[in-house]
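Below is one structure, written out as structure tokens, with a few remarks after it.
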Ligand SMILES: NC(=O)C1=CN([C@@H]2O[C@H](COP(=O)(O)OP(=O)(O)OC[C@H]3O[C@@H](n4cnc5c(N)ncnc54)[C@H](O)[C@@H]3O)[C@@H](O)[C@H]2O)C=CC1
Ligand SMILES: O=C(O)C(=O)[C@H](O)COP(=O)(O)O
């Protein structure tokens with residue numbers, strides 16, 4: 001069996017060697033000729049999987065993307081060919097939620113904001129939106145959820161409209177990119193919507209770049225208007241609108257979901273799905289492969305709970321590191337290079353803390369590994 005896998009899939013060898021011959025490929029460069037003998041194709045979000053790629057292949061049985069997003073997959077075509085498809089729902093939801101939290105902690109400092117008095121509007125209450133809401137709840141920060149699809153499906157949580165979200169102090173986007181349906185998200189934040197936002201609000205996009213009209217955003221910012229921006233994702237990646245970068249408070253190369261755990265969970269989920277398809281026992285576990293984290297905790301300088309939480313968050317992940325790399329290196333290295341060579345980042349759960357302090361419960365609820 002020939003298993004073609006994107007070279008950026010972590011632990012592919014560990015998980016898939018027993019299934020057959022492994023053939024790595026560069027995500028944006030895979031051709032129909034190369035993949036024509038594949039039995040299994042494992043991709044990440046940058047490989048377009050469609051008829052154009054697969055028309056020479058007659059052997060493919062399984063396509064897996066080690067990501068939650070599947071806008072790069074022509075599912076109807078795969079179905080028509082009888083090829084089993086799976087994505088990796090939730091694999092990186094914690095990672096994105098921790099990215100957002102780290103960004104909020106930076107902006108609290110920089111803009112002198114009292115988070116406890118603010119409301120965060122979460123658009124999309126799926127895996128990531130939910131993880132984020134849980135972390136905000138742990139901190140006692142008010143939030144609103146907008147997800148008309150889950151509301152209609154009978155989700156018992158309280159939902160609000162997008163109009164209400166637009167009035168929130170902080171808006172964080174966690175929707176898939178969709179076009180031509182009732183709940184399309186393409187340019188959900190277009191010129192008209194963006195123009196309504198004030199320069200006191202914060203807009204965070206860590207889902208898909210096309211949810212915000214980037215040109216309209218740039219024009220607004222050039223006119224000294226519009227919200228504070230945290231942008232992880234961009235229209236037309238990897239050829240992004242670099243003019244927007246100086247107008248962002250924080251800006252990164254689509255790495256919100258790139259914790260080691262987040263990326264590797266995607267691999268593990270594909271391994272589980274392929275094992276099921278081939279009736280093989282699930283013998284490998286990510287927990288046994290992941291290295292022990294090396295995280296240094298800085299001394300906490302305050303007894304204020306939010307300051308303590310902020311320090312522990314930055315100990316594990318300070319988004320300013322990625323923002324600096326992006327601003328300094330994007331002229332020299334490509335967008336894809338920065339993603340491919342992303343430094344190791346761990347999730348809060350990788351930091352073991354003792355439960356002696358009164359704020360331990362808060363840290364535990366945020367996802368830190370608190371031992372009693
Ligand atoms: N920056 C990054 O590294 C990452 C980006 N993503 C992106 O974030 C998106 C969300 O991720 P997950 O929460 O894991 O996906 P998910 O599929 O679990 O949740 C998405 C939610 O959005 C809702 N939704 C769809 N259209 C909507 C609309 N018009 N208004 C409000 N809600 C709507 C859906 O009902 C669903 O509950 C992914 O589709 C992906 O494109 C995901 C992971 C990492
Ligand atoms: O899971 C998703 O959806 C994402 O956006 C991933 O973080 C994308 O990562 P790559 O597949 O582009 O490495």
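The values are calculated or read from the model by the stated rules, or taken from the named source; none is laboratory data. Bear in mind the structure is a predicted one, so any value in this text is a computation, not a measurement. Glycine also receives a Cβ, built like all others from the backbone with ideal geometry; neighbour counts cover every protein chain displayed.
For residues that are over 27 Å from residue 352 (Cβ atoms) and within 16 Å of ligand 2 (Cβ to nearest atom), scanning just segment 253-302, find the one that is surrounded by the fewest Cβ atoms within 10 Å (Cβ to Cβ). It comes out as 273. Looking at this structure, is residue 353 in contact (Cβ under 8 Å) with a residue 40 or more places away in the chain and more than 27 Å from residue 43 (Cβ to Cβ)? Criteria met by residue 353.
Conditions (1) farther than 23 Å from residue 201 by Cβ; (2) under 21 Å from the mean Cα position of the chain (by Cα), marked per residue:
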{"residue": "123", "(1), (2)": "no, yes"}
{"residue": "141", "(1), (2)": "no, no"}
{"residue": "149", "(1), (2)": "yes, yes"}
{"residue": "155", "(1), (2)": "yes, no"}
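Matching residues to (1) over 23 Å from residue 341 (Cα atoms); (2) touching a residue at least 60 places away in the same chain (Cβ under 8 Å); (3) assigned to a strand (DSSP E or B):
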residue: 4; (1), (2), (3): no, no, yes
residue: 8; (1), (2), (3): no, yes, no
residue: 13; (1), (2), (3): no, no, no
residue: 17; (1), (2), (3): yes, no, no
residue: 32; (1), (2), (3): yes, no, no
residue: 41; (1), (2), (3): no, no, yes
residue: 46; (1), (2), (3): no, yes, no
residue: 52; (1), (2), (3): yes, no, no
residue: 58; (1), (2), (3): yes, no, no
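Residues considered: 100, 120, 113, 108. Of these, the only one that is in the same structural domain as residue 134 (by TED's automatic domain parsing) and part of a loop (DSSP other than H, G, I, E, B) is 113. What are the residues in segment 51-68 that are more than 21 Å from residue 277 (Cα to Cα) and surrounded by fewer than 19 Cβ atoms within 10 Å (Cβ to Cβ), if any? Passing the criteria: 51, 52, 55, 56. In this structure, residue 201 does not qualify as surrounded by fewer than 21 Cβ atoms within 10 Å (Cβ to Cβ) and either more than 22 Å from residue 129 (Cβ to Cβ) or in the same structural domain as residue 46 (by TED's automatic domain parsing) (or both).
Scanning segment 62-85 for residues that are under 18 Å from residue 46 (Cβ atoms), more than 10 Å from the chain's Cα centre (by Cα) and not in a helix (DSSP H, G or I) turns up 63, 64, 65, 66, 70, 71, 72, 73, 74, 85. For segment 342-362, the set of residues classified as under 25 Å from the mean Cα position of the chain (by Cα) and over 18 Å from residue 95 (Cβ atoms) consists of 352, 362, listed by residue number.
Condition check: more than 8 Å from ligand 1 (Cβ to nearest atom), more than 29 Å from residue 305 (Cα to Cα), touching a residue at least 24 places away in the same chain (Cβ under 8 Å) and not assigned by TED's automatic domain parsing to the domain that holds residue 74. Does residue 187 satisfy that?
On the way: more than 8 Å from ligand 1 (Cβ to nearest atom): yes; more than 29 Å from residue 305 (Cα to Cα): yes; touching a residue at least 24 places away in the same chain (Cβ under 8 Å): yes; not assigned by TED's automatic domain parsing to the domain that holds residue 74: yes.
Yes: the conditions hold for residue 187.
One residue stands out in segment 93-121 among those that are surrounded by fewer than 22 Cβ atoms within 10 Å (Cβ to Cβ) and more than 14 Å from residue 202 (Cβ to Cβ): the one that is modelled with the highest pLDDT, namely 93.
Within the group 172, 156, 161, which residue is loosely packed, with under 13 Cβ neighbours inside 10 Å, farther than 20 Å from residue 241 by Cβ and touching a helix residue (DSSP H, G or I) at 6+ places or on another chain (Cβ under 9 Å)?
On the way: 172 fails: loosely packed, with under 13 Cβ neighbours inside 10 Å; 156 fails: touching a helix residue (DSSP H, G or I) at 6+ places or on another chain (Cβ under 9 Å).
One residue alone meets the criteria, 161.
Only one entry of 90, 129, 82, 124 meets the criterion of being on the phi > 0 side of the Ramachandran plot, modelled with pLDDT of 95 or more and in contact with a strand residue (DSSP E or B) (Cβ under 9 Å, 6 or more places away or on another chain), and that entry is 124. The set of residues from segment 126-146 being more than 25 Å from residue 236 (Cα to Cα) and without any contact (Cβ under 8 Å) to a residue 60 or more places away in the chain comprises 130, 131, 132, 133, 136, 140, 141, 142, 143, 144, 145, 146.
Filter the helices (runs of 4 or more DSSP H) completely within segment 156-260 down to those with at least 3 residues that are under 22 Å from residue 146 (Cα atoms) and at pLDDT 95 or above.
By residue number, 162-166, 191-196.
Filter segment 132-155 down to residues that are out of contact with any strand residue (DSSP E or B) (no Cβ under 7 Å at 6 or more places or on another chain) and in a loop (DSSP other than H, G, I, E, B), then give me how many there are.
Narrowing segment 132-155 to residues out of contact with any strand residue (DSSP E or B) (no Cβ under 7 Å at 6 or more places or on another chain): 134-135, 137-140, 147-155.
From what is left, the residues that are in a loop (DSSP other than H, G, I, E, B) are 140, 147, 153-155.
The number of residues fulfilling the criteria is 5.
Residues being touching a helix residue (DSSP H, G or I) at 6+ places or on another chain (Cβ under 7 Å), farther than 21 Å from residue 273 by Cα and more than 11 Å from ligand 1 (Cβ to nearest atom) are represented in segment 93-101 by at least one member.
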